[in-house]
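Computed from the coordinates by the stated procedures, all read-outs in this text should not be read as laboratory data. All of these numbers come straight from a predicted model, not from anything done at the bench. Positions of Cβ are backbone-derived with ideal geometry, glycine not excepted, and every protein chain shown enters the neighbour counts.
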Amino acid sequence: MNKDLTQSSIDRQSILNNPFALEKAQEELELKGIYFTNQQIADFYGVSLRTVTSTIADNEEELTRNGLEVLTGKKLRDVLSHGNQFGNAEVYTTKTTKLTVSTVKTVLNFSMLLKTSEKAREVRMRILDITVQVLENKTSQNTKYINQRDREYIPQAQREAVERKTFTNSIKEYIDMGNYKYAYFTNEIYKAIFRERAQEYKTLLKLTSNENIRNTLYSEVLLTIASFEAGLANDFENHSIRLGRKLSKSEADEIIGNFSSQPMLKPFLDNARTLMASRDNSLRDVRHEKLSEYITAMSQEDYEKFLGEQSKSLEQQIQENKAVFERLKDK
């Protein structure tokens with residue numbers, strides 16, 4: 001995983017939102033305790049206390065989002081009364097009225113912000129390695145099909161398969177072009193939704209000629225494609241019937257252009273682009289440059305969906321949904 005965590009706040013947050021990588025990092029780095037003081041962080045990274053406080057001042061919003069907290073009053077007294085919450089650190093005196101503390105997540109966040117600390121650089125590199133290891137272990141070293149660990153994958157794949165058949169039938173019946181029209185209009189859908197041709201996507205994911213793109217798509221993205229196919233199939237049919245003949249390529253192109261520019265579709269397109277670009281960036285280490293404006297930090301909920309207890313391999317899903325899968329195969 002080739003990411004410069006000192007430069008990209010999105011990449012930093014994506015990794016910090018990964019509870020499985022954080023748990024492994026805490027274990028390997030022996031970060032014992034619930035809370036860590038600024039002095040403990042300074043000692044851990046081999047920097048001055050002033051450097052830590054300066055880093056907090058410059059990045060307060062990000063660090064606070066990742067667990068930095070100023071304790072006062074009853075919460076401070078409760079924390080100080082349990083010295084083991086600070087690992088092996090000395091317990092502060094009862095005269096302490098305010099204390100800035102960090103969680104493990106915050107400590108790891110500091111490693112991505114302290115650019116001059118050699119220890120921070122080592123920790124950053126280790127976190128990246130751990131992130132890759134966790135993904136590979138969960139997916140048997142094949143993140144290409146990590147989308148299929150979503151419990152919603154099979155139902156949405158089935159729905160898309162039905163709409164795909166309706167769409168190809170409409171192309172056959174209502175568009176006057178050679179057999180290349182099926183690949184052509186598939187590409188037009190990809191361009192309208194993802195700003196990428198099918199071959200561009202296959203290249204990014206390193207898919208072979210025999211691998212089907214749709215098998216790598218997230219369930220929400222499949223739903224957007226199914227909606228697109230259903231809408232276009234209907235428009236092709238209506239325009240062809242109205243004209244009393246098959247549509248030309250230019251007429252079909254115009255229909256796709258008008259359909260994809262409908263305001264009602266914008267939220268669905270934005271969501272599909274954001275999910276695909278952000279998840280691929282974090283889960284597959286694939287960056288869709290044409291969708292770079294849509295890349296956001298992957299959420300903890302998404303990590304749970306694809307790596308946690310609620311996620312299941314496709315084989316497990318098939319065994320639990322045999323009847324559904326048999327219908328899917330027949331489409």
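For segment 212-245, name all the residues that are charged (D, E, K, R) and in contact (Cβ under 8 Å) with a residue 40 or more places away in the chain.
Pass one, segment 212-245, residues charged (D, E, K, R): 214, 220, 229, 235, 237, 242, 245.
Within segment 212-245, Arg214, Glu220, Glu229, Glu237, Arg245 meet the criteria.
What number of residues in segment 103-144 are under 23 Å from the mean Cα position of the chain (by Cα), of a type outside the set (Ser, Thr, Tyr) and farther than 18 Å from Ser8 by Cα?
Qualifying residue count, segment 103-144: 11.
If you check Ser292 against the conditions, is it in contact (Cβ under 8 Å) with a residue 60 or more places away in the chain and polar (S, T, N, Q)? Show your work before the answer.
Working: in contact (Cβ under 8 Å) with a residue 60 or more places away in the chain: no; polar (S, T, N, Q): yes.
So Ser292 does not fit the description; no.
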